[in-house]
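Please read the structure below before turning to the comments.
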Amino acid sequence: MRRIDVVAGQEFNLFVENIPAWTGWLATLVSTEDGLLVGPDGNSKDIGNQVDLNLLMALRSKADVICTTGKTARAESYKASRFAPLAFLTNSAKSLAEIPAVVEPGSHGNIFLEPKDSGISFDWVNTQLNNRGFTSVLFEGGPSSLEALWTSDLPTQLVFSIANCQNPEAVDVSQVLRAALPWLSAHELADDIAIGSNRVTRWVKSPQ
């Protein structure tokens, strides 16, 4: 673990400097110290803080495309990003007609990926995005869709932020990760940063 001192207004730049660019897929999640992924309102907004917002913006700035599910987009009332287009995995693009990102799509526009079969085949999604020229994908879906991504054959990383810790340096990051994602296996810790009241970790798939 390494500690990064927070300079007010510089959190975004610190994350840009300290999280390497990637090829393939990188997912991001925010958790409490107890491993909770959503707050009382059913989304993650009550869990994260300003550090997490800057982390998300830094990751988006490094991605070719931001991919999420229709379920997450509706729950989080997704807005367009100034950094990259949004790709929605959905059974019906019409179901997203009223979210802010669709009402005001911004300069990058939106992509709607509607699988013909039930469930998400990330190999199919990856092919669709690669065919559009995207090679670095930021995934912002929930735990069930993340499980489908992680267990696919695609190169995948996970940036996992534990927010608002009483003592970030004392947190057992593996224990919190197990509580949040009990199905997660074959993973190795690639980076571990204490910043403000957060513990930000990056995990990669173990070699098979």
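Values in this text are rule-based calculations from the coordinates and carry no lab data. If you're wondering where the values come from, they're calculated on a predicted model, not measured in any experiment. Heads up, the Cβs are rebuilt from the backbone with ideal geometry, glycines too, and the neighbour counts pull from every protein chain shown.
Tabulated data
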| quantity | calculated |
| --- | --- |
| Rough spin-label spacing in nm, given labels placed 7 Å along Cα→Cβ, for Lys79 and Gln50 | 1.7 |
| The chain - mean residue ellipticity at 222 nm from DSSP helices (-39,500 (n - 2.57) per run, n ≥ 4, rounded to 500) | -7500 deg cm²/dmol |
| Sites Asp41 and Ala170, calculated FRET efficiency, Cβ-Cβ separation with R0 25 Å, nearest 0.05 | 0.30 |
| Difference of contour (0.36 nm per residue) and Cα-Cα distance, Ser107 to Ser61 | 15.1 nm |
| Base-10 log of normalised Debye intensity for region 61-150 (one unit scatterer per alpha-carbon) at q = 0.21 Å⁻¹ | -1.05 |
| Mean projection area, nm², convex hull over Cα of region 1-65 | 5.6 |
| Per residue, the convex hull volume that the Cα atoms of region 125-208 enclose (Å³) | 110 |
| The chain - percent relative contact order, Cα under 8 Å, separation 6 or more | 29 |
| Radius, Kirkwood style, for the chain when every pair of distinct Cα atoms is counted (Å) | 17.4 |
| Computed over region 1-98: relative contact order in percent, which uses C-alpha pairs under 8 Å that are six or more apart | 23 |
| Inter-label distance, nm, simple model (7 Å from Cα along the C-beta direction), Asn131/Asp34 | 4.5 |
| Cα coordinate range in region 34-94, projected on the principal axes (Å, largest first) | 32, 27, 17 |
| Size of electric dipole in region 46-100: Cβ of Lys, Arg +1 and of Asp, Glu -1, about Cα centre, debye, nearest 20 | 160 |
| Packing-based order for 84-97, 177-190, using average beta carbon neighbours within 10 Å, highest first | 84-97, 177-190 |
| Point-charge dipole on Cβ atoms (K/R +1, D/E -1) for region 42-184, about Cα centre, debye to 20 | 320 |
